[in-house]
Each structure stands twice: as structure tokens, then as C-alpha cells.
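The values are calculated or read from the model by the stated rules, or taken from the named source; none is laboratory data. Nothing here was measured: the structure is a model prediction, and the numbers come from that model. Glycine gets a Cβ as well: all are built from the backbone with ideal geometry, and neighbour counts include every protein chain shown.
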Amino acid sequence: MIQIYMDQLPKLRTWYANQIVPLIRSKPLHLCAKVRADPLSNDFAQHLTRLSDDDIQHILLTPLTELFDRYAWIREYIMLCDVTAFYPSFREKHPSHGVSNARADYIDQYWDCVFFQQAFSDAHQSEKAAIRSWNNLEAVIRRAKQRRELLDSVIAQKFDYSFLSDEVRGTLVEKMGIPICPYCNRQYIQPVTIDGKKRYLGDLDHILPKAFYQLFSMSLWNLTPSCKVCNQIFKKSRGTRILNPQEQGFGDDCILVLEYQSVREIVGLKPLVKMHWEIQPSARPDNRELMEHNLHIFRLNEIYEYHRYDIQRTLQRRYLENSSGYWKSLKRLLPLPEVSSLWYGVSLDPTKFQEELLSKAIYDTVMHN
């Protein structure tokens, strides 16, 4: 998992807003009788009817945490999405009976959400009853999910990923300039032009799945180029929060650790038997949880087993680096990044990980092992 850097982000934001704001503004909004009859849903829908161009731009371009603080109605929506999106994984982590404290903590985490409170009333459940029983809590979650789906049916009239044409998507990937998947750092996703139409070898992934967060289905901060393996096979529409590569990557908080079994492995004469991604003690607790999710969802330990021979070649070069006069001659003749690119095949520059296959793993091998 790497952080991505978009050098032309201000220009990209301007271009995207110019493409999408008029499109959203042109979409009519029709409220069904069910929405109009429900005060909470109708109040939410009224915010959508009154969106200014600045509001639309904020939704499209402003990161989630800032939206959470700026708009009370969006904060309510985010919490409703979270409580329904995260529930399946929460339930999976607590399969047994006698976990009332865990249920209480889950409820307390989202209790400030008016939509969630209303779900208790709609399900004819009290907070104490939901804490006492999985069946009672799940009845509340079903009501919350129904509410979210009702709101999403309104939102989809204004914000829906299907509104983006293939041409816009292809141009967006091209302007982002991210040729390698940030989730795995091992697959190309570069744009291509076929029969005069822009396409791209990969996907535009929704970091927050559009199945749970319809309002952000067109938001630039929620879209990242990714390979089809990571998006369609591993991530799919999971409601688990992960690192947003536009904000951060693993950095030095999670590194590829090589478990040497012999000197021959250390000098690259034999492929490694064991290696794994390891979260470091210095990682903040909130980031630690997100990194664990990334490691699990994208199966990074499993897929990097395939690259044992790439790491072996890196170890060979690192050994020769310390014993070869050729390396020392290169260092005298060329700047360090160019020497690294010639020697290791990557620059060993974290700001260029997005341009170089396996660059994070090679960096960790050279710098941390």
C-alpha cells in the first residue's frame, strides 16, 4: 500500500469540477411520497434540493473529515452509512454470545446519529434490548439500512457514478497520472486510447464503496485508479474502512520483513522461505487498524509470496553494492536516484513508488532488512 502524489492536483480539481458540477446541477430531483411523508428523510432531501455550486464542489472535492465537520446533514448521513456498512464485519468479529459490552460500544459509537436513534423507534427496540440480544440489534440495523437505501434513492438522482462517461473516466485516470495500483504496487493501470476513445487498464475504485456511500460515488477524493485484481477480486464492495492512498500509505509504519533462514538467503543465493508485512510499534492505533484492514482485504502477505524471487534478486544486488567496485564507480559518476534506478530497478524514492513496480517492497528490503 503506497501513498499517491498527484503533481497537478489543483488543475485536476478545476477540470473535474468544470466537468461534473454542471452535470449534477442539470439533474432534476423528484421526491417520492414515501420520502415526503417521513420528516427526517424529507429534511435530508431538502438539503439536496438546495445545493449550491459551492456545495456540490465541496462534496466532490473536499475530504470526508472536512465534510463531516462542515455539514451537519452530511455528518448524519456518514454516520448512518458507517453503522450499516461496518456492522457485518463487527458481527463477524463477535460470533458468540455474552458480548453485550461489544454491542453497547457499537451502539454508543453511533448514538449521536439521529437516523440511528430513529431506527430503534422504527424497530420497536430500546437501547437496552439491542445491547441484550443480537436479534434485537439486527432488527435496528435493518431499519437503519432501509433508511439509508431510501436516502440513496434520492441521492442517486443527483450523484451517481453511472453519470460519468467512459471518456471522462479515461481522461480522469490519465490526468491523475497513477500508472501503478496503489493497493498492491504490482500491477499496471495506465490509460490507453483504443479506436480514438480513452480507456484504462484497470479500474477506478471507490475507496468508500458506492454501495454504502452513494453521496460520494462521484467524489474525486473517493476515487483512485487500481488494478482489477485488487478492486474486483479482493476489495469488491466491502464496508470495511481502509487507508485512502490520496492521504497516506504504509510508509515506515508497515514494512516488508524478511525472515532469513540462512546466510545464503541474506546474500541472495537462495530464495526466501518466509517474509511478511509487519505493522511497526510506532504506528498510531487508528492507522494500525486501517493497515490491518488493507493487509487482510488485499491479501498482501499471500500475493507477495509470488515475489520471493524478485526480493532474492534485490538481496543479491544489495550484497554486491557493498562489495562491488562497479557500484562505487557509479556513485561517483551519477546522482544517487539514478544509481539506484540502474542498480535496483527502482529509485528508492517514496514519492515515486506510484511509478515503479514493487518499489515499496524493494525499498523495505534495501532500507529495513
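Could you say whether any residue in the stretch 194-205 is under 18 Å from the mean Cα position of the chain (by Cα), assigned to a loop (DSSP other than H, G, I, E, B) and without any contact (Cβ under 8 Å) to a residue 60 or more places away in the chain?
yes
Based on this model, can you work out whether I189 counts as among the β-branched types (V, I, T) and either under 15 Å from I20 (Cα atoms) or out of contact with any Gly (no Cβ under 7 Å at 6 or more places or on another chain) (or both)?
The answer is no for I189.
For E92, indicate whether it is modelled with pLDDT under 95, loosely packed, with under 15 Cβ neighbours inside 10 Å and in a helix (DSSP H, G or I). Give the steps one after another, and end with the answer.
Working: modelled with pLDDT under 95: yes; loosely packed, with under 15 Cβ neighbours inside 10 Å: yes; in a helix (DSSP H, G or I): yes.
When the stated conditions are applied, E92 passes them.
Residue-by-condition table, conditions (1) in the same structural domain as S41 (by TED's automatic domain parsing); (2) buried (at least 18 other Cβ atoms within 10 Å of the Cβ); (3) of a type in the set (K, R):
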position: Q118; (1), (2), (3): yes, yes, no
position: S121; (1), (2), (3): yes, no, no
position: A139; (1), (2), (3): yes, yes, no
position: R143; (1), (2), (3): yes, yes, yes
position: R147; (1), (2), (3): yes, yes, yes
position: D160; (1), (2), (3): no, no, no
position: R186; (1), (2), (3): no, yes, yes
position: L204; (1), (2), (3): no, yes, no
position: K210; (1), (2), (3): no, yes, yes
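Considering only the stretch 228-241, state which residues are over 19 Å from Y87 (Cβ atoms) and under 13 Å from the mean Cα position of the chain (by Cα).
Scanning the stretch 228-241 gives C230, N231, F234.
Since P10 meets every condition but one in (1) within 27 Å of the chain's Cα centre (by Cα); (2) exposed (fewer than 12 other Cβ atoms within 10 Å of the Cβ); (3) at pLDDT 95 or above, which condition does it not meet?
Single failed check for P10: (3).
What tally of residues in the stretch 31-43 results from selecting those that are free of Cβ contacts under 8 Å to residues at least 60 places away in the same chain and not in a helix (DSSP H, G or I)?
Qualifying residue count, the stretch 31-43: 0.
Filter the stretch 44-81 for residues that are outside any helix (DSSP H, G or I), touching a residue at least 40 places away in the same chain (Cβ under 8 Å), more than 16 Å from Q157 (Cβ to Cβ) and out of contact with any helix residue (DSSP H, G or I) (no Cβ under 6 Å at 6 or more places or on another chain) and give the result.
If the condition is that a residue be outside any helix (DSSP H, G or I), touching a residue at least 40 places away in the same chain (Cβ under 8 Å), more than 16 Å from Q157 (Cβ to Cβ) and out of contact with any helix residue (DSSP H, G or I) (no Cβ under 6 Å at 6 or more places or on another chain), then T62 is the only one that fits.
Can you tell me which of V83, V114, V99 is in the same structural domain as A144 (by TED's automatic domain parsing), at pLDDT below 95 and among the β-branched types (V, I, T)?
Within the list V83, V114, V99, the selection yields V99.
Report, by residue number, each residue of the stretch 107-139 that is among the basic types (K, R) and closer than 20 Å to L151 by Cβ.
Correct list: empty.
Just for the stretch 253-290: of the residues that are among the β-branched types (V, I, T) and in a loop (DSSP other than H, G, I, E, B), which one is nearest to the chain's Cα centre (by Cα)?
In the first step, residues of the stretch 253-290 are kept if they are among the β-branched types (V, I, T); the result is 255, 257, 263, 266-267, 273, 279.
Next cut, in a loop (DSSP other than H, G, I, E, B) only: 267, 273.
Numbers: V267: 36, V273: 30 Å.
The residue in question is V273.
Going by the structure shown, is R132 over 18 Å from A211 (Cβ atoms), in contact (Cβ under 8 Å) with a residue 24 or more places away in the chain, among the charged types (D, E, K, R) and in the same structural domain as V83 (by TED's automatic domain parsing)?
Details: over 18 Å from A211 (Cβ atoms): yes; in contact (Cβ under 8 Å) with a residue 24 or more places away in the chain: yes; among the charged types (D, E, K, R): yes; in the same structural domain as V83 (by TED's automatic domain parsing): yes.
When the stated conditions are applied, R132 passes them.
Residues of the stretch 254-286 being within 18 Å of N322 (Cβ to Cβ), of a type in the set (A, V, I, L, M, F, W, C) and without any contact (Cβ under 8 Å) to a residue 60 or more places away in the chain, which ones?
V263, I266, V267, L269
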